[in-house]
1. Show me the chymotrypsin sites (Phe, Trp or Tyr not before Pro) within segment B:387-470 that DSSP assigns to loop and that have at most 16 other Cβ atoms within 10 Å of their Cβ.
2. Using a 1.4 Å probe on the heavy atoms of the protein chains only, list every residue of segment B:336-371 that has 40 Å² or more less accessible area in the complete assembly than in its chain alone.
3. Counting only other chains, what is the mean number of Cβ atoms within 10 angstrom of the Cβ of each residue in peptide A:467-479?
4. What is the calculated FRET efficiency for residue A:453 to residue A:581, with r their C-beta to C-beta distance and R₀ = 41 Å, to the nearest 0.05?
5. Residue separation times 0.36 nm, minus the C-alpha to C-alpha distance between residue B:251 and residue B:78: what's the value?
6. Could you tell me the calculated FRET efficiency between residue A:497 and residue B:279, based on Cβ-Cβ distance and R0 = 56 angstrom, to the nearest 0.05?
7. What is the extension gain from residue A:97 to residue A:418, computed as 0.36 nm multiplied by their sequence separation minus the C-alpha to C-alpha distance, in nm to one decimal?
8. Threshold 40 Å², probe 1.4 Å: give the residues of segment A:153-199, in number order, that are less accessible with all protein chains present than with their chain alone.
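The values are calculated or read from the model by the stated rules, or taken from the named source; none is laboratory data. Here the structure is a predicted model, which is why all the values come from computation and not from measurement. In this analysis, Cβ positions are derived from the backbone assuming ideal geometry, glycine residues included, and neighbour counts consider all displayed protein chains. Remember, those area values only see protein heavy atoms, side chains included, never the ligands or the DNA or RNA. Shrake-Rupley method; radii C 1.70, N 1.55, O 1.52, S 1.80 Å.
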There are 2 protein chains.
Amino acid sequence: MTRYTAPTQDIQYLLHDVLDVANDPTPGYAELEPDFTSAVLEEAGKIAGEVLHPLNAVGDQEGCVLENGVVRPPKGFKEAFDQVREGGWTALDLPEQYGGQNMPYLLGTAVGEMFSGANQAFTMYQGLTHGAASAILVHGTDQQKDTYLPKMFSCDWTGTMNLTEPHCGTDLGLMRSKAVPQDDGSYAISGQKIFISAGEHDMAENIIHLVLAKIPGGPEGIKGVSLFIVPKFLVKEDGSLGERNGVKCSKIEEKMGIHGNSTCVMDYDGAKGWLLGEEHKGMRAMFTMMNEARIGVGMQGLAQAEVAYQNALDYARDRLQGRSVTGVENPDGPADPLIVHPDIRRNLLDQKSFIEGARAFLLWGAQMIDRAERGKDEAAHGMVSLLTPVIKGFLTDEGYDMTVQAQQVYGGHGYIEETGMSQFTRDARIAMIYEGANGVQALDLVGRKLAQDGGKHVMAFFDLVKGFIKEAGTDGAMAEFTEPLKSASKDLQSAGMFFMQNGMKNPNAALAGSYDFMHLFGHVCLGLMWGRMAEASLKALAEGRGDANFHETKLATARFYMTRRLPATKLHLARIESGADPVMALDADRF
Amino acid sequence: MTRYTAPTQDIQYLLHDVLDVANDPTPGYAELEPDFTSAVLEEAGKIAGEVLHPLNAVGDQEGCVLENGVVRPPKGFKEAFDQVREGGWTALDLPEQYGGQNMPYLLGTAVGEMFSGANQAFTMYQGLTHGAASAILVHGTDQQKDTYLPKMFSCDWTGTMNLTEPHCGTDLGLMRSKAVPQDDGSYAISGQKIFISAGEHDMAENIIHLVLAKIPGGPEGIKGVSLFIVPKFLVKEDGSLGERNGVKCSKIEEKMGIHGNSTCVMDYDGAKGWLLGEEHKGMRAMFTMMNEARIGVGMQGLAQAEVAYQNALDYARDRLQGRSVTGVENPDGPADPLIVHPDIRRNLLDQKSFIEGARAFLLWGAQMIDRAERGKDEAAHGMVSLLTPVIKGFLTDEGYDMTVQAQQVYGGHGYIEETGMSQFTRDARIAMIYEGANGVQALDLVGRKLAQDGGKHVMAFFDLVKGFIKEAGTDGAMAEFTEPLKSASKDLQSAGMFFMQNGMKNPNAALAGSYDFMHLFGHVCLGLMWGRMAEASLKALAEGRGDANFHETKLATARFYMTRRLPATKLHLARIESGADPVMALDADRF
């Protein structure tokens, strides 16, 4: 039996002490008073811990069953989904016009971490709907919005995203699905889509599929791809449901994890669909959603690390094994708890310092999305666009590694499914893959984002770090935090410089270092976050404000990150500076 | 459908070009002529690829079933086990006296890698038997040897090791199982043991359990533990099987992987057992086996990385996705194969350079075991004792990471069980845990092995590296390999120095860095191996000997390791030199 306790105190600290949301002029932020956010987070935390998490292991064990075209999610999912709907949790950060609560994306993200940490497979049903609804919101006609959004915001209807086909995932230009125009203005969609999360289930009255397909006669490759709305049941003029559309789930995939979510093969056989956005501009419509979707996946990496850490920590405190090397600490017991052992602490602190740094990074990213979208702040838009592949790639890679470390604390018991530690790693694994595998994130970062708008966003990032260091100071109490950050940031600049000097002549010199660059960048971001948290906690302590224990723990964890994790930037830089040759030397047939 | 192709050419190269076994005076090595080893390896490779690997996915999907006290392994396992027995593969490196073939442990290890890579869960039935038989060989009376060994060598009877109890794994002093002396010289064994691999199954006529238990009235804690032979069926004087003993499997554990191996809860209820070795010296008897068992687990880490790599490589060559950034490479196809992309190559070369370096390290370790045991070479014994936790910990951590990287090459398809890539990671995961979790390996290395015999083994290791660098030279063609090795070795020495200077005052200063030290040490060992391989291949090329393509590929892979992997030593050193404070600062209740 695992537990999930929502990290409410930490999120409150980040919102108010670190991100200082009350003083952020972004529209909608004024209402983010501590009492208000606390109430929302407490309530969400209860749902997460008491409703969603108890179904996490059930979902893993039962999985989804396809019978006569109907997919049955695990026992209890339907009832829990009703509770989430009734609590109004499905459209927290979506506009009021269609039934949302219009709260900032920042708050939606904080709640999202809780739900996702408590039960990732379950939360995906809602997450995919959010993504599909957002796409309709941005690209739909008024009629489409009126028809679909109210029901999708409430999750009475859920949504899906259909991109992948058996022979193409990343390279969607190879797509074969067809959309043939019909006389009534609709399209007949045919083709097979795979890996469709929440593609079929019986927890909603209708499922609204967003499907990429090619209109015959359009441009070749990726430029000829359009996006369509294909409902499972056609919607009549009065909004009631009509006949079943020509789309069905032909198979549920057996996966390594997230068994509670139905991953479907979807067959479209002349299904009726309506163009969403412009003809042949389907990828652009998808890309609008990409930042949010990728940040959402980064969040999953963090969320699984959090729940795994909580349970590893409990075990490390409870399990008696061996004695402390510096003297017995539990004289009344037959042995000391695991947590006395330095290497167990090293393991736990790797996790803790990642998780808290990652949460700060994630929420900072969400704040920038709000500034970009609600505040129309172009600089914030550029920055979050630059950082999105870092949030996605770094947080999911590291998040996964941390679930593995958490599992390791349990020794042999971690390998037994009964303890639930294996599920956390198996569920976390997918986040490194979907929404663009992490290698693709690295390519996006180095191949596109770095040079975007003349490189001004990456320069803005360096200025931001420099500005923080200058303002926080490199002497006094902040020195132990700002000095390592300065050094790490210099490594990142050197790597960028290496790419500029070598990537022009030989793009492979940059791309061979792309994965390391993504991680280097991630460490600098977490270093910056730990710097900001150290500053906030030093200030709180100086002012005698808040929970001193909490702030001292933050400082100790910041020290751990600075001394034990941040030096990784030098390794990544060394790998990057070795350039293309070591990677490109071998012919493909000599691997 | 996955494939497994035994790495015969690479092993032949290591045995003859690198380890130069023909000129090794160790008893039994004279027969290791290239033709002979090639014949053995080819034959073993056939069994691995054609008999064992086709059952790998079957084993994962079917698992083992406990019904009425009988455990049924997956379909086909029994027949394959018969084939392995008939081929004489069960006692390759065990003495002829009891039916073994008396080949060096080195060759047994090379074959072991193949079997384990092809099907780890299957090969464990044989591996556990080998371990138990070895224990009886060293500690048994003549009568015990005559009774059990011939049948165990042939795997007509299999063996198990029973250490763990529900409340104790690493800390076996907490053990509760009891062995009460009986009038006939036997003992009545009672208690529960968990995580017993191959604890029950129907593939052998009998199962010989080696069980740790306490004789009442003996010393407290670990000093009062004795080892017992407890057969499933009692053996009559004439060697035929008598009545069922008081031991049964009460449960099969649901695990993350190695489903084809039955992991049993074993209940001993007054079972008849016989002391193996001396009273209260059970741990010593177990420790005799420890080096071999741990090296065997290190081998599993490498083996799973190898099979995962082979399949990732196939996929990278076959799957068409995207175009090379430097120009189309597959103009006749709709896209280029994945392997044109620099980051896919980086991923594959991480794997390849680890695998080949690890194989060299493993076989070098096995050669030292032969020198220690067959050649009574004390220095070799000390060295392999020092390196054992490195082989176990480093090879299984890295091996696991490499299976994850291999899975990543497949994108979404890697997450679907159908492709088999998930199984490689799930199977590889256990090797980081059993035979002493890797944190315990690090503790063994830093807390015991470093200082053993006045630190002379670690000094011998440094001398060995220094000697190699001196002999190979730091200029000319070897410079690009010896310079990085020199630098990495210096990092290892600095870390050892840090421990010496700080660990006396505060043992936590050393133990907080133990995990990093294990990895630092592992990288230096692989660096040394790549240095030796580079030297061997340069020599072969200069002499126009062998397959020039093969040797040039080795050199390119060596370059990759030196530039892309070995710099990790600096990160580990930085973490080590941050000392105890970052790790020990927090009270347990403030994590």
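1. Working: sites: B:394, B:400, B:410, B:415, B:424, B:434, B:461, B:462, B:468; in loops: B:410, B:434.
Taking segment B:387-470 and a limit of 16 other Cβ atoms within 10 Å, no loop chymotrypsin sites (Phe, Trp or Tyr not before Pro) are found.
2. B:342, B:343, B:345, B:346, B:349
3. Values: counts 0, 0, 0, 0, 0, 0, 0, 0, 0, 0, 0, 0, 0.
For peptide A:467-479, the averaged partner shielding equals 0.
4. Working: r = 31 Å, r/R0 = 0.76.
Computed FRET efficiency for residue A:453 and residue A:581 comes out at 0.85.
5. On the way: separation 173, 0.36 × 173 = 62.28 nm, distance 2.08 nm.
Gain on extension, residue B:251 to residue B:78, equals 60.2 nm.
6. Details: r = 69 Å, r/R0 = 1.23.
Working from the Cβ atoms, E equals 0.20.
7. Values: separation 321, 0.36 × 321 = 115.56 nm, distance 4.56 nm.
Stretched out fully, the residue A:97 to residue A:418 stretch lengthens by 111.0 nm.
8. A:171, A:174, A:195
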